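Presented below is the structure to which this report refers.
Bear in mind that the values in this text are calculations on the coordinates, not laboratory data. Values in this document were obtained by computation on a predicted structure and should not be read as measured data. No Cβ is skipped: glycine too gets one built from the backbone with ideal geometry, and neighbour counts run over all protein chains shown.
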Amino acid sequence: MAKLFSFTTLRDRWYRYFFSFSGLQSVSTDLGDGTVMHCWIPRSYKPWKPNLLLLLLHGFGANAMWQYAHLLSHFTHKFNIFVPDLLFFGGSFTKRPERSESFQARCVMKMLHNGFGVRRMSLVGISYGGFVGYSICVQFLEAVERLVVCCAGVCLEEKDLRDGLFRVSDVEEAERILLAQTPDKLRESMKFSFVKPLKGIPDYFLTDFINVMCTEFVREKKELIHSILKDRQQSRFPKIDHPTLILWGDKDQIFPLILGERLARHLGENARLVVIANAGHAVNFEKAKEFSKHLKDFLYDDSFSSLSDSSLNSRREDASH
C-alpha cells in the first residue's frame, strides 16, 4: 500500500512557504565542474542593508530551512539574508572529490561573489556550518565583517577522539549517530543533541524523517565527517582577527564546551564566549529566545563595524611591509 501521508514532507513544504513569505527566494547556481549550490536569497535586494549570510548546520540531518526558519523574523528587517545549503545537504551537491570545509567555503564564496555580487557580510555558522564559516574568514578575510560560531569544534584535534574527549569511541560510531538510518539511531542522535529530547515519538514519524531527509548522499556525508578530523592539529590552526561571538550549550555532548573555551583562548581579545545554561548541541532550538537575543546583541552592535574596519586596515598595512 502506497504511503498517503508524510509529516516530514508536509513540514518541509511549510518551511519553504515560510521562507518565501519572509521575502526570500530559492535559487540554484551552477558553479561548473559538476557543482551546484542552492541558496535562499532576498527576493528584493536592499543595497542599504548589510549582508547577513546564515551558514547552516542541521546536525548532518535536514537542510538549511529546518535550521534557520525560527530565526528569520529576527533579522529580515535589518539584513539581506542568504541561507545556503552546504554541499550534500538540501539542493547542493558536487561531483568533485573534495570534502574539506575549505572547499565548502570556496564554493559558498564563488556562489556569493559570482552569482549574487556579495562582497562583504557577517557569518553565522552552527556546528559544521561553523567550520565552514571559520574557513571563509581564513581564506576571504576582507569579505567578512564578523563571525558567530555556535557549537562548532573548529579547534578540535585528531587526537581528541583517541584521548576520550568525545562520548563516541570512534569515527564510525559518530557516523552511525550523526547519519542515523534507523529510528533507534535517530533517537540516540536526539539524546546527544538535546538535554531533554522528546520522548514517545512513534517509529513511523522517525522512519518518515529518515526516508525524506537522511537517505541521500550518505557516503559523501561520511566523507565530510572523516575530513573534519583528518590531520587536525591545534598548532597548525590559523588565527583570525574578526570580531567573533562563540555561542555554546553548557551540556553539548557532540562538541563539548571545552572546545568552545579552547577557541576563545586561541582568538584572545577578538572573541566573546557566551555559554547558555541547560542546553545541548541543539542550543538554537532548546534555548531559541536566548540564542536569538545573543545573536541580535552581537550582530546589531554597530561598534563592531569600526573595530572590524580598523583591524582590516591594520592587516593591509602589515601585508604591505
Using alpha carbon positions and the Kirkwood radius, the Rg to Rh ratio of the chain is 0.94
Spacing of the two label points (7 Å from each Cα toward its C-beta) at GLU173 and PHE285, in nm: 2.3
Calculated [θ] (222 nm, deg cm²/dmol) that DSSP helices of n ≥ 4 give over the chain, each run adding -39,500 (n - 2.57): -12500 deg cm²/dmol
Label-point separation in nm, ARG265 to LEU198, each point 7 Å along Cα→Cβ: 3.9
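Test of understanding: ordering GLU216, GLU101, GLU290 by Cβ neighbours within 10 Å, fewest first, what list do you get? Mind showing how you got there, number by number?
Working: GLU216 12, GLU101 24, GLU290 16.
Ordered by Cβ neighbours within 10 Å, fewest first: GLU216, GLU290, GLU101.
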Reported to two decimal places, what Rg/Rh ratio describes the range 36-155 when computed on Cα atoms with Rh from the Kirkwood expression? 0.92
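So if each residue of separation counts as 0.36 nm, and I subtract the Cα-Cα distance between GLN139 and VAL275, what length gain in nm does that give?
Numbers: separation 136, 0.36 × 136 = 48.96 nm, distance 2.77 nm.
Gain in length upon complete extension: 46.2 nm.
Can you sort CYS39, CYS150, CYS137 so the residue with the fewest Cβ neighbours within 10 Å comes first?
Values: CYS39 24, CYS150 29, CYS137 21.
Ranked by crowding around the Cβ, least crowded first: CYS137, CYS39, CYS150.
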May I ask you to list the chymotrypsin sites (Phe, Trp or Tyr not before Pro) in the range 152-228 that are in a DSSP loop and have at most 10 other Cβ atoms within 10 Å of their Cβ? none
How much of the DSSP beta bridge set in the chain is antiparallel, as a percent to the nearest 5? 35
Among HIS38, HIS281, HIS113, residue whose mean-square fluctuation peaks in a GNM of the chain (springs only between Cα atoms under 10 Å): HIS113
Tell me which residues come under 5 Å, amide H to amide H, from MET121 once H is placed; ignore anything under 5 positions away on its chain. VAL144, GLU145
Using Stokes-Einstein with the Kirkwood hydrodynamic radius over Cα pairs, what translational diffusion coefficient do you get for the range 185-295 at 20 °C and a viscosity of 1.002 mPa s, in µm²/s rounded to a whole number? 131
Longest to shortest principal axis, alpha-carbon extents of the range 175-228, angstrom: 34, 24, 13
Along the range 293-299, Karplus-curve 3J(HN,Hα) (6.51, -1.76, 1.60; θ = phi - 60°) to the nearest Hz, with x for Gly and Pro, reads 4, 5, 4, 5, 4, 7, 6
Using a 10 angstrom Cβ neighbour count of at most 14 plus a DSSP loop assignment to flag exposed trypsin sites (Lys or Arg not before Pro), which longest range of the chain is free of such sites? 240-321
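Can you pick out the pairs among LYS230/LYS251; LYS95/LYS293; LYS159/LYS251; LYS49/LYS289; LYS78/LYS221; LYS196/LYS222 whose Cα atoms lie more than 31 Å from each other? Intermediate results must be reported in sequence, preceding the final value.
Numbers: LYS230/LYS251 25 Å; LYS95/LYS293 39 Å; LYS159/LYS251 22 Å; LYS49/LYS289 24 Å; LYS78/LYS221 34 Å; LYS196/LYS222 27 Å.
Cα-Cα > 31 Å for LYS95/LYS293; LYS78/LYS221; rest within.
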